[in-house]
Structure formats: structure tokens, C-alpha cells
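Enquirer: Let me begin by handing over the structure; questions about it come next.
The values are calculated or read from the model by the stated rules, or taken from the named source; none is laboratory data. Quick caveat, the model's predicted, so the values are computed rather than measured. Counting neighbours? That spans all protein chains shown, and the Cβs are built from the backbone with ideal geometry, glycine included. These accessible areas exclude ligands, DNA and RNA; they are computed on the full protein's heavy atoms, side chains included. Shrake-Rupley method; radii C 1.70, N 1.55, O 1.52, S 1.80 Å.
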Amino acid sequence: MKKDKLSLSNDKSSSKDKPSSSNPSGSWGDEKKETDEDLVEKTEGVALITGEPKKAIIKLSGPLIVAMILMSAYNLVDAIWVSGLGGNALAAVGFVTPLFMILVGLSNGIGAGATSAISRCIGARNTQGVNNTAMHTLVITIIISVILTILLELFLHPLLSVLGAGNTIDLAVSYGRVTFAGTILMLFTGAAYGILRSEGDTKRTMHAMIISSVVNMVLDPILIYLAGWGIAGAAWATLISQAIVAVIILYWFLKKKDTFATLSWKYFKPDLNVSKSILGVGLPASAEFMVMSAVTAILNVILVKVAGTDAVAVYSAGWRVVMMAIIPMAAVGTAVVTVSGVAYGARKYKNLRIAHNYSIKVGLVVAIITSIITYVFAPQISKIFAYSPETAYLAPTIAAFLQVMCLFYIFVPPGLMSSSVFQGVGKGITSLIFTVLRQLLFVALFAYILAITLNFGQQGVWWGIVAGDIAGSAVAYTWARLYISRIQKQV
């Protein structure tokens, strides 16, 4: 990315906007700032996120939408190739998936923690803090990766036995051994994406994710079928694609050196406060992922109880569409983390309110359009998952599920953007509380009451998801509004 020398003294921020030694950015009070702070090189991304919040949210969201959609497409293609090996192979991947999702949650969590902590340093104009936080992110990633790799490789067989792998356990172990050998690659790329997002460089994040997805999709059939590696070939395809992306990322940071954050041991100064700033968002963000997975399991149990396994098939297929549909909103939320972190670090709390309000408006526009499209084309969409004679009878029910979820979309933005604001300002626990309230208290509870107590069957679960989303979003939105108003009064 192009770098421009911008004089920070030209920033028209009043003295009250300048962070104090105990500023909320996480720019650690004991750390000396750059001596040439009045003349700092900014990348185009940093210039963007330190400027007008609305423009930053839109420009950061676009590349993220493209990348997320392609990643979702890769996951679907990967499942299709593995399914060609037979039911046991597909089941084996399914048994490894819960463990794999823990790693995905950690990868996303570390990335979110890095984005929040570094963006706050950028807002506070603490360039030493930016580099030191980036290095702390790398160290944390290495430590967690080493520990998890050892544990997963040593205890993979018994873990899969507990998860019920049964007669597919050999296939599951074959797939899992290779997958978890690449733990450090998965966590590193997630952390690196977080660092790049923190400095407003979502284009490069998009490029890396596109390369990873394309390489993976190309290698899948080659390694699974042509090389004859079977299910292990799918794992190797993932590992190789991650390794290629990791090399590219390291080239950007260590060779090309055109990022705002610099990865170098000379900038690393061990500091517990820096680690807390990263993990204070990263660990709760990872936990949110696990809470959502747990609630999915709970809903599956309720569905089986009230309508049998077909209801789970309907929910599983329909929810894939829902996840694809909310990608644009999720991308906006990811952009809000960066913009909120910068605003908070700079103590420009007015920008925090602007980011919150504007992102919700953008999200609502997207949600309304998505709802209309989904409602109208639900019958056609449902046939994608029920194209065979054996599953054709599920199509009308899948279509009905999707049409109920149209109301769900409308209430996603207020809750999602509010959680993103709290992640941006470093309050990861607050964001986790929202997820627990929405998922465990509201969604699971409402689904149980409507489906079982009131005997509405599987449709009760669907409407429970909608009701839980509405209640959870209302709590998160109200909490965020009150929080922003309170900190604005303190300035």
C-alpha cells in the first residue's frame, strides 16, 4: 500500500481529544511514544480509518464481503468433493468439525483482539504501541498454536472416540492429524488478518483469503482423487493453501515492508497490559463462537424431539443460506471494530456514535433487500438442497424456514453493530454477554417454549430464533447507546 507522510499536527482535534497517559486506547502509560510523532508515515488504510467514519465503514466492508463469500463457497465446494468419497468420509469430517471449529473460533478471536488493540493505538497516535501490540499478537499466536498442536495430536484419537466417531474413527484420525498439524498456520493467518484490518487494509486481507480459497478448491480434487490420498488429501489441500498464504503475508510484513504495523523483535517489549488488551477481546470473541455452536446443538436436540431428524436436515440446510445472507452485515460489523477502536483511542467519541448509527442504517438497508430476495426466491433456493428424489420432499419446508428467517435478518444489524462497537473499544466481555443473552437465554429458551411447551413443533424453533434475535438485539442496542452517551459526557 502507498504510504503518505502526513503531519499529525494538522489533525483538527482539540486538546481534549488527545489521549492521556491512561488513555482508553490501551497505549500503555509507561511506554514512550515515537520522538518524531509529529511526522509519521501513514498508509492509505490508516489515513482512511482516521478520517470520516462513514466513508471508512463502506470502503472497509466491500473487500471483506467478497472474501467472506468466497470462503463460504470454498467450504461448500470442499464438502461436495469429500462427499464423493462416500458417507463414512463425510461423517469423519463431521466428527472432526467440532474440534476444527474451536480453532476457527480462536483464529477469529485472536484476529479480533489484534484489530481492537492496534486500532486503539492508531487512534491514540502511538506507533510504538502499534508495533509492540502486533508483536504481542504474534507471540500469543505462537504459544497457543504450540500448546494446541501438541494436545490435539496426542489426544486426537480419544477425543474423536468421545465425539462418537465409531467405525469412521480411522478416517477421522487420518483427516484430523493433517488438519491439526497446520494449527499454527490457521491461527497465524487469522492474527495477520486482524493486524491488517486494524490498519484499514481489508483489500490485502481480501487478496489473501481469495488466494487461500482458490488454491484449496483447485487442490481438493487433485489430492483427493488424482493423487489418491482420499480424505487426507482434503486436509492437505487446506494445509498447503494456508502455508502459501502465510508465506505471502510474511513477505508483505518482512520483505516488502509497506504495512503500517511492523513485525520486528526490536519492537517487542513484554507487557502484561498489552497481552490483556489483545486477549480481553480475543478470548471472549472465541468464546462467542463456541456459545453459538453449543446453541446449535441444543436446537438440534429440540428439533429431533418435536419433529425428527428431517427437521434437523431442514434447519441445517436453511441455516447455510442464512449464514450466506448475513455475510454483508457481518462484513460491516467487522469494519466497525476497526473504526470504533480508532475513534476510542483518539477519544473522538462523536465518531463512535456516528459509526454505530451509520453501520446500523447500512445493515438495515442490506437486511431489507436480502429479506425481500429470500422471501421471493425461497422455493427456488430450497431446491438447491433438495434436488434429489430422496430429498425433494424437504423443499417446501426449507422454503418455509427461509421465509420465516426473513424477519430474522431485519433485527441482526442493531445487535451485531453494537457488539462490534464494544469489541472495538476493548470490552470483549460485554460483547460475550450479549451473545450469551441472545443465544442461551433468548434463542434457546424461546425455542423450547414455543416448540415444546406451546407445542408449535419445528416452526416454534424457527420463531424462537427470530424472537431471541429481536430480544438480544434490543438489549445490545440499548446498552451501546447508553454506553456511548455516558463516555461522551466524560469528555
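Enquirer: Tell me whether the range 260-270 contains one or more residues that are among the polar types (S, T, N, Q), crowded, with 17+ Cβ neighbours inside 10 Å and touching a residue at least 12 places away in the same chain (Cβ under 8 Å).
Expert: Looking through the range 260-270, none of the residues is among the polar types (S, T, N, Q), crowded, with 17+ Cβ neighbours inside 10 Å and touching a residue at least 12 places away in the same chain (Cβ under 8 Å).
Enquirer: Only one of Asn108, Asn88 is under 23 Å from Val342 (Cα atoms) and in a helix (DSSP H, G or I). Can you tell me which?
Expert: Being under 23 Å from Val342 (Cα atoms) and in a helix (DSSP H, G or I) holds for just one of Asn108, Asn88, which is Asn108.
Enquirer: Take the range 292-320 and flag every residue that is within 28 Å of Gly62 (Cα to Cα) and surrounded by fewer than 19 Cβ atoms within 10 Å (Cβ to Cβ).
Expert: Across the range 292-320, the qualifying residues are Met292, Ser293, Ser316, Trp319, Arg320.
Enquirer: Among the helices (runs of 4 or more DSSP H) confined wholly to the range 157-241, which include 1 or more residues that are more than 17 Å from the chain's Cα centre (by Cα) and over 22 Å from Ala285 (Cα atoms)?
Expert: Ranges flagged: 169-181, 202-221.
Enquirer: Okay, next question. Under 7 Å between Cβ atoms, at least 6 apart or on separate chains: pull out the pairs that start in the range 244-259 with a residue that is within 19 Å of Met209 (Cα to Cα) and end on any residue that is small (Gly, Ala, Ser) and part of a helix (DSSP H, G or I).
Expert: What qualifies is Val245/Ala208; Val245/Ser212; Ile248/Ala208; Ile249/Ala192; Ile249/Ala208.
Enquirer: Within the range 379-421, track down each residue that is open to solvent by 50 Å² or more (accessible area, probe 1.4 Å), assigned to a helix (DSSP H, G or I) and either polar (S, T, N, Q) or closer than 14 Å to Arg320 by Cα (or both).
Expert: Gln380, Lys383, Ile384, Gln403
Enquirer: Spot the failing condition for Arg320; the list is (1) farther than 21 Å from Trp463 by Cβ; (2) charged (D, E, K, R); (3) assigned to a helix (DSSP H, G or I), and only one is missed.
Expert: Exception for Arg320: condition (1).
For every residue, the table says whether it meets (1) basic (Lys, Arg); (2) at pLDDT below 95; (3) in contact with a helix residue (DSSP H, G or I) (Cβ under 8 Å, 6 or more places away or on another chain); (4) farther than 19 Å from Pro63 by Cβ.
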| site | (1), (2), (3), (4) |
| --- | --- |
| Leu223 | no, no, yes, yes |
| Trp236 | no, no, yes, yes |
| Leu239 | no, no, yes, yes |
| Ile244 | no, no, yes, yes |
| Val247 | no, no, no, yes |
| Asp258 | no, yes, yes, no |
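Enquirer: Being under 26 Å from Ser286 (Cβ atoms), hydrophobic (A, V, I, L, M, F, W, C) and open to solvent by 60 Å² or more (accessible area, probe 1.4 Å) is true for just one of Ile433, Ile465. Which residue is that?
Expert: Result of the check over Ile433, Ile465: Ile433.
Enquirer: Give Asn23, Asn75, Asn108 a once-over and let me know the one that is open to solvent by 20 Å² or more (accessible area, probe 1.4 Å), at pLDDT below 90 and of a type in the set (S, T, N, Q).
Expert: Going through Asn23, Asn75, Asn108 in turn, the sole match is Asn75.
Enquirer: Look through Ile118, Ile140 and report the one residue that is modelled with pLDDT of 95 or more and open to solvent by 10 Å² or more (accessible area, probe 1.4 Å).
Expert: Result of the check over Ile118, Ile140: Ile140.
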